[in-house]
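Student: Structure in structure tokens, see below.
The values are calculated or read from the model by the stated rules, or taken from the named source; none is laboratory data. Values in this document were obtained by computation on a predicted structure and should not be read as measured data. A quick note on method: Cβ atoms are made from the backbone with ideal geometry, for glycine too, and the neighbour counts reach across all protein chains shown. The area values use the complete protein model at the heavy-atom level, side chains included, leaving out ligands, DNA and RNA. Shrake-Rupley method; radii C 1.70, N 1.55, O 1.52, S 1.80 Å.
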Amino acid sequence: MLQIVIPAFNEERRLPRTLHALRRHVAEHRGVLGRVEVLVVDNASTDATAEVARAASTSAMPVRVVRCTRRGKGAAVRAGLLATEAELVCFMDADGATGLDALEAAWRRLLLGADVAIGSRAHADSDTEARHCRTRSKGAAAYRRLASRLVPGIADTQCGFKMFRGDLVREVVAGLRTSGFSFDVELLVRLRAAGAEVVEIPVTWVDVPGSTFDPVRHGAGAFAELARIAWSTRGLVPTPRTPQAQPGRAAGRGTRSPMPLPAVIALPAVVAVPVIAALPTRSPR
Ligand SMILES: Nc1nc2c(ncn2[C@@H]2O[C@H](COP(=O)(O)OP(=O)(O)O)[C@@H](O)[C@H]2O)c(=O)[nH]1
Ligand SMILES: [Mg+2]
């Protein structure tokens, strides 16, 4: 069985379309994906997110609602993943920005031995015609440079689609501390430290209007979280899980030297402040 976690904060408008598309996709690809269950994590929404999720439940694709009162995408994904029990689990955003073909692509990579398959808008075969506005793209580029110091070799840590071996991710996500948008980076650092082989897969990706990420409100927080992750995981290095059984797995994995504290403090400030200051103000959601 495959369980799909969808973190949702006030998604009554975007979620129904995503669940509808998912139901159709799952029906068409049942031969590959098998039984699929969806877990919508209602992240203290004040709208009808839970109701629209329940209304989309069918016997062919049951939709369960998981409550998470701790705010933040990281907290929501953590709660959702911990509520899974399947061999294969994934999470995706409520807006359906990542094309659903990623499900089969990721599934195949896990079948071939990877532990984690993550959507990557930086992959040469990805199709990402409409990206974010220019200011957010600039901030994202700075963010990517910092994130790549923590998870070298991974070009896109932030795509909202990731699939995992269930037992592994449940073990690792229990220790996740980042509750905001940077949780993906901490999760990837911890997965690699647990010996996971992480592969990036191409995706089709469209920028769906109505993003809950507001660069002005969340941008500085995301950089600050990155700094906290760098510090709190400084001792974690990629570890081969079972080197004797899978000698190829360890190849090419270097160790990560801890980021020095001064850089940890200075980088978010140096990078985040001018980027955030240059951003246009948006009306709060
Ligand atoms: N902003 C925000 N998003 C959350 C929260 N909890 C869960 N989410 C979900 O995290 C996902 C973020 O995707 P999206 O809003 O499209 O952001 P973007 O794709 O990064 O622009 C959506 O599914 C949100 O509903 C939260 O507390 N705050
Ligand atoms: Mg989105």
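Student: From the square roots a ≥ b ≥ c of the eigenvalues of the alpha-carbon gyration tensor of the stretch 1-127, which class results: rounded (a/c under 1.5), prolate (a/b over b/c), or oblate?
Tutor: Verdict is prolate for the stretch 1-127.
Student: Looking at the stretch 2-277, send over the antiparallel percent of its DSSP beta bridges, to the nearest 5.
Tutor: DSSP beta bridges in the stretch 2-277 are roughly 30 percent antiparallel.
Student: A further question follows. Around His25, what is the net charge, scoring Lys/Arg as +1 and Asp/Glu as -1 over all other residues with Cβ under 12 Å from its Cβ?
Tutor: Here the charged neighbours net out to 0.
Student: Using the Kirkwood radius over C-alpha pairs as Rh, can you work out the diffusion coefficient of the stretch 65-152 via Stokes-Einstein at 4 °C, viscosity 1.567 mPa s, in µm² per second?
Tutor: 83
Student: Give me, ordered by chain and number, the residues 5 or more places off Glu12 or on other chains with an amide H under 5 Å from its own placed amide H.
Tutor: Ala48, Thr49
Student: Under 5 Å between amide H atoms, partner at least 5 residues away or on a different chain: which partners does Val5 have, H built in plane at 1.01 Å?
Tutor: Leu39, Cys90, Phe91, Met92
Student: Among Val63, Gly113, Ala227, whose Cα lies farthest out toward the positive end of the dipole of the stretch 2-277, if unit charges sit on the beta carbon of Lys, Arg (+1) and Asp, Glu (-1)?
Tutor: Result: Ala227.
Student: Could you look at the stretch 53-182 and say what percent of its accessible area is carbon and sulfur, using a 1.4 Å probe and all protein chains?
Tutor: 49
Student: Can you list the HN-Hα couplings for the stretch 117-122, worked out from phi with the Karplus curve (6.51, -1.76, 1.60; θ = phi - 60°), rounded to whole Hz and with x for Gly and Pro?
Tutor: Along the stretch 117-122, the couplings run 10, 10, x, 9, 6, 8 Hz.
Student: Can you tell me how the stretch 155-235 classifies by the Cα gyration tensor, rounded, prolate or oblate, using a/c under 1.5 as the rounded cut?
Tutor: Verdict is oblate for the stretch 155-235.
Student: Compute the distribution of all C-alpha to C-alpha distances in the stretch 2-277, in bins of 5 Å from 0, and list the percent of pairs in each, rounded to whole numbers.
Tutor: Spelled out per bin, shortest first, that is 1, 6, 13, 17, 20, 18, 14, 8, 4, 1, 0.
Student: Suppose R0 equals 41 Å. What FRET efficiency, 1/(1 + (r/R0)^6) with r the Cβ-Cβ distance, do Trp231 and Ala48 give to the nearest 0.05?
Tutor: Computed FRET efficiency for Trp231 and Ala48 comes out at 0.55.
Student: Right, another one. Please turn the phi angles of the stretch 86-100 into ³J(HN,Hα) values with the Karplus equation 6.51 cos²θ - 1.76 cosθ + 1.60 (θ = phi - 60°), one per residue in order, whole Hz, x for glycine and proline.
Tutor: Once rounded to whole Hz, the list reads 6, 5, 10, 9, 8, 10, 8, 6, 5, 7, x, 5, 8, x, 6.
Student: Related question: Would you mind putting 198-207, 166-175 in packing order, based on average other-beta-carbon counts within 10 Å, highest first?
Tutor: Packing order, densest peptide first, comes out as 198-207, 166-175.
Student: On full extension of the chain, what length is gained from Leu82 through Leu111, given 0.36 nm per residue of separation minus the C-alpha to C-alpha distance?
Tutor: Extending this stretch completely gives an extra 8.2 nm.
Student: In whole Hz, with x marking every Gly and Pro, tabulate ³J(HN,Hα) for the stretch 162-173 from phi via Karplus 6.51 cos²θ - 1.76 cosθ + 1.60, θ = phi - 60°.
Tutor: Listing the rounded values in order: 8, 10, 9, 5, x, 4, 5, 5, 5, 5, 6, 5 Hz.
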